[in-house]
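Trainee: One structure is given below, represented as structure tokens, and several questions about it will come after.
The values are calculated or read from the model by the stated rules, or taken from the named source; none is laboratory data. Because the structure is predicted, anything quoted here is derived from the model rather than measured. Neighbour counts are summed over all protein chains in view; Cβ atoms, including those assigned to glycine, are modelled from backbone coordinates with ideal geometry. Each accessible area value is taken on the protein alone, full model and side chains, heavy atoms only, with ligands, DNA and RNA left out. Shrake-Rupley method; radii C 1.70, N 1.55, O 1.52, S 1.80 Å.
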Amino acid sequence: MSEKLTIETQDLTKRYNGAAVVDCLNLHIEENVIFGLLGPNGAGKTTTILMLLGLTEPTSGTAQVCGFNPTREPLQVKRLVGYLPEKVGFYEDLTARENLRFIAELNNINYADINRQVDEVLEMVGLTDTEIIEVTGPDQQQEKTVGKFSRGMKQRLGIADVLIKKPKVLFLDEPTSGLDPKGINQLLDLIADLPKRGTTVVLSSHQLSQVNRVCHSIGILSKGKIVEEGTIDQLNRATRSGGQQRIKVETVSPDEKLTTAIRKIKGVRDVTIQENLLLISTDIDTGVQLAISQTVVQHNFPLLQMSVEQFSLDDIYMKHFKEN
Amino acid sequence: MTAILRKELADYFTSIRFFVFFALVLLASAAGLWAASQGIRSTNLPEGFIFLGLFTTPGVIPLFNSLPVLIALIIPLIGIALGFDAINSERSGGTLSRILAQPVYRDSVINGKFLAGLVTMTIMIGAMILLISGFGLRMIGVPPTAEEILRLFLYLFLSIVYGAFWMGLAILFSVLLRRVASSLLTSLGIWLFFSIFIFMVAPWIASTVVPVTTESPQVELIRYTELQLMIMRFSPNFLFQEATRAVINPMLVGSLGMVSASQRAYLIPNPLSLGQSMLLIWPHLTGLISLSAICFALSYVLFLRQEIRAT
């Protein structure tokens, strides 16, 4: 991963009737990474993407995508950027190949290369001839029109549609919606592979487990502002350093006497017992772990295991929105 | 823009609505020819303008008594059919954001659609004029003169401009209104008003402003007629019908306005030259071109200012 920035925004703001939908947004997305853009509905994710694509003008602030300003140089940006909206639209009376050819023509792809590139991207997304060709009679077959495609097939076609121009940056808005588990896995594998082909991906999704699986870094948007940004490890540390940590101690049949003793340790906030586990919420302090282990041993309980629980992406995400 | 134009043309030429309207055009051509065949031999046509008689000779059915009336009826429908869902169907289908995410200027989309509509309309109206000319030539055996050919080209141009106005209006509503059905109904409503209701409203307004009876002085009657004419000229349909009458009927004497019986008595029944006909229709032509330009410019500006979202 290089550290060159592909997308950078400075105080990017979009207001509708005076209300800020995106508010002084400062994003920094490195080249060839998968960046997860998270946030609840109405957080400003789609508006941010539209501004980065040059489809809507910011009220104030600036953005740079691949070195171009999307407001002033929208065509240069669109040549390098692909966008897959959540509800992707196709010409339903055209076939998959006809739809892709049209997009290839709009991107000025050389006529001689169009058919080859169309076949390439269809293969990449797993839309094989068996899926897109229908039998219309004895020894007769023809390509299905997109209107006859399932939601999952359309979604895969959408990915093919954005890949045909070989984009440097790809904006994917809920790309796995409507896909079955097998389709989701295939698609996530494909997305995970894109940075190796030189494509930076911005993935907007509510599926935190999917974001966790493929994203190198994430940004959490709330009310148009980035409230968290970094790798999941960085966010984990930031979450812990910002407040509490949870220490998990495994022993044998802990009793009330032990929990009372642990509660008396400076920095300990709460202790709960779950069978042989002690779940201890503490302030961030390296000394507290040593004090807890000593207390357990002094009370003649075996210390089988002790760990500082890592926050999952769900915890990081939910923590923020619970706080607000 | 070429890719969009090509796709739009392919869409139009393979759509059911194209075949329906082309069938209507063929029917109109047949009706026009039939009307001409009924009366062209008995009509006293001036020398050098016999061929144009194919387009002006009235038939026996009063409602569709001549080709210009039929064409004035069909062209707005073709224009509306080509434009009413130009933008909003793309928006609701999610294809607009897909196109605009590609390296194309936003105006290429609306320009490509408008141009494709114009080409389709030109083909339809041109085909109709050629069909009537071809079959008519076989029927009457008199070839058109150079002036008649020029007048037919002018007629074609007028028809395209007239159709462009209705298409521009339909595109404007397709930009303004989210639902396809709304833009279609609004366009049809306006067409109905300017094609039928304005001819009922105009005398009513005129008689309210200038009340006349059979005994009213001539000055009042002239005021009443001129006011009525002025109101009707707000209708593109009326403008088109007046202009086509002057173009393909060179025997149209006097002006397109009111001619009194006493004035008519002094008029020499001589065909107008092309230049004189042009002079007569100049305000109509510029009016129709301006109306089309205003509709298209409004659609263009509104479309360029709209925010395009995927949903």
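Trainee: Condition (residue is modelled with pLDDT under 90 and open to solvent by 60 Å² or more (accessible area, probe 1.4 Å)) applied to the range A:43-51: is it met by at least one residue?
Mentor: No, the range A:43-51 contains no residue that is modelled with pLDDT under 90 and open to solvent by 60 Å² or more (accessible area, probe 1.4 Å).
Trainee: Right, something else. Residue under question is residue A:98, and the condition is that it be modelled with pLDDT of 90 or more, closer than 28 Å to residue A:182 by Cβ, open to solvent by 50 Å² or more (accessible area, probe 1.4 Å) and assigned by TED's automatic domain parsing to the domain that holds residue A:174; does it hold? Even if it seems obvious, please write down each step before you answer.
Mentor: On the way: modelled with pLDDT of 90 or more: yes; closer than 28 Å to residue A:182 by Cβ: yes; open to solvent by 50 Å² or more (accessible area, probe 1.4 Å): yes; assigned by TED's automatic domain parsing to the domain that holds residue A:174: yes.
For residue A:98, the condition - modelled with pLDDT of 90 or more, closer than 28 Å to residue A:182 by Cβ, open to solvent by 50 Å² or more (accessible area, probe 1.4 Å) and assigned by TED's automatic domain parsing to the domain that holds residue A:174 - is met.
Trainee: Within the range A:177-199, does at least one residue satisfy the condition of being assigned by TED's automatic domain parsing to the domain that holds residue A:25, among the small types (Gly, Ala, Ser), surrounded by 19 or more Cβ atoms within 10 Å (Cβ to Cβ) and within 16 Å of residue A:46 (Cα to Cα)?
Mentor: No: the range A:177-199 contains no residue that is assigned by TED's automatic domain parsing to the domain that holds residue A:25, among the small types (Gly, Ala, Ser), surrounded by 19 or more Cβ atoms within 10 Å (Cβ to Cβ) and within 16 Å of residue A:46 (Cα to Cα).
Trainee: Same structure again: Test residue B:207 against the criterion of being modelled with pLDDT of 85 or more and more than 21 Å from the chain's Cα centre (by Cα), and give yes or no. Give the derivation first.
Mentor: Working: modelled with pLDDT of 85 or more: yes; more than 21 Å from the chain's Cα centre (by Cα): yes.
Answer is yes for this residue.
Trainee: Which members of the range B:276-311 meet the condition of being within 14 Å of another protein chain (Cβ to nearest Cβ) and either small (Gly, Ala, Ser) or touching a strand residue (DSSP E or B) at 6+ places or on another chain (Cβ under 8 Å) (or both)? Write out each step before concluding.
Mentor: Within the range B:276-311, the first condition is being within 14 Å of another protein chain (Cβ to nearest Cβ), and the residues that meet it are B:303-311.
Matches in the range B:276-311: B:310 only.
Trainee: Among the candidates A:103, A:34, A:109, single out the residue that is in contact with a strand residue (DSSP E or B) (Cβ under 7 Å, 6 or more places away or on another chain) and either at pLDDT 90 or above or under 25 Å from residue B:107 (Cβ atoms) (or both).
Mentor: Answer to the check: A:34.
Trainee: Here is a follow-up. Considering only residues that are outside any loop (DSSP other than H, G, I, E, B), among the β-branched types (Val, Ile, Thr) and either in contact with a Cys (Cβ under 7 Å, 6 or more places away or on another chain) or more than 9 Å from chain B (Cβ to nearest Cβ) (or both), which ones fall in the range A:78-126? Walk me through how you get there before you give the answer.
Mentor: Here is the first cut: in the range A:78-126, the ones outside any loop (DSSP other than H, G, I, E, B) are A:78-84, A:95-106, A:111-124.
From what is left, the residues that are among the β-branched types (Val, Ile, Thr) are A:81, A:95, A:103, A:114, A:118, A:121.
Scanning the range A:78-126 gives A:95, A:114, A:118, A:121.
Trainee: Which one of A:148, A:154, A:168 is at pLDDT 85 or above and touching a Ser or Thr at 6+ places or on another chain (Cβ under 8 Å)?
Mentor: Numbers: A:148 fails: touching a Ser or Thr at 6+ places or on another chain (Cβ under 8 Å); A:154 fails: touching a Ser or Thr at 6+ places or on another chain (Cβ under 8 Å).
Checking each option against the conditions leaves just A:168.
Trainee: A further question follows. Could you grab the pairs with beta carbons closer than 8 Å, sequence gap of 6+ or different chains, first residue in the range B:193-214 and within 13 Å of residue B:238 (Cβ to Cβ) and in contact (Cβ under 8 Å) with a residue 12 or more places away in the chain, second one of a type in the set (Phe, Trp, Tyr) and in a helix (DSSP H, G or I)?
Mentor: B:194/B:238; B:198/B:238; B:199/B:238
Trainee: Working only within the range B:219-236, note down all residues that are part of a helix (DSSP H, G or I) and of a type in the set (S, T, N, Q). Write out each step before concluding.
Mentor: Within the range B:219-236, the first condition is being part of a helix (DSSP H, G or I), and the residues that meet it are B:219-232, B:236.
B:225, B:228, listed by residue number.
Trainee: Within 14 Å of chain A (Cβ to nearest Cβ), of a type outside the set (Phe, Trp, Tyr) and either over 20 Å from the mean Cα position of the chain (by Cα) or open to solvent by 10 Å² or more (accessible area, probe 1.4 Å) (or both): is that true of residue B:109 in this structure?
Mentor: Values: within 14 Å of chain A (Cβ to nearest Cβ): yes; of a type outside the set (Phe, Trp, Tyr): yes; either over 20 Å from the mean Cα position of the chain (by Cα) or open to solvent by 10 Å² or more (accessible area, probe 1.4 Å) (or both): yes.
Answer is yes for this residue.
Trainee: Okay, moving on. From the list B:81, B:86, B:181, exactly one residue is crowded, with 22+ Cβ neighbours inside 10 Å and out of contact with any Ser or Thr (no Cβ under 7 Å at 6 or more places or on another chain). Which is it?
Mentor: Values: B:86 fails: out of contact with any Ser or Thr (no Cβ under 7 Å at 6 or more places or on another chain); B:181 fails: crowded, with 22+ Cβ neighbours inside 10 Å.
So the residue among B:81, B:86, B:181 that is crowded, with 22+ Cβ neighbours inside 10 Å and out of contact with any Ser or Thr (no Cβ under 7 Å at 6 or more places or on another chain) is B:81.
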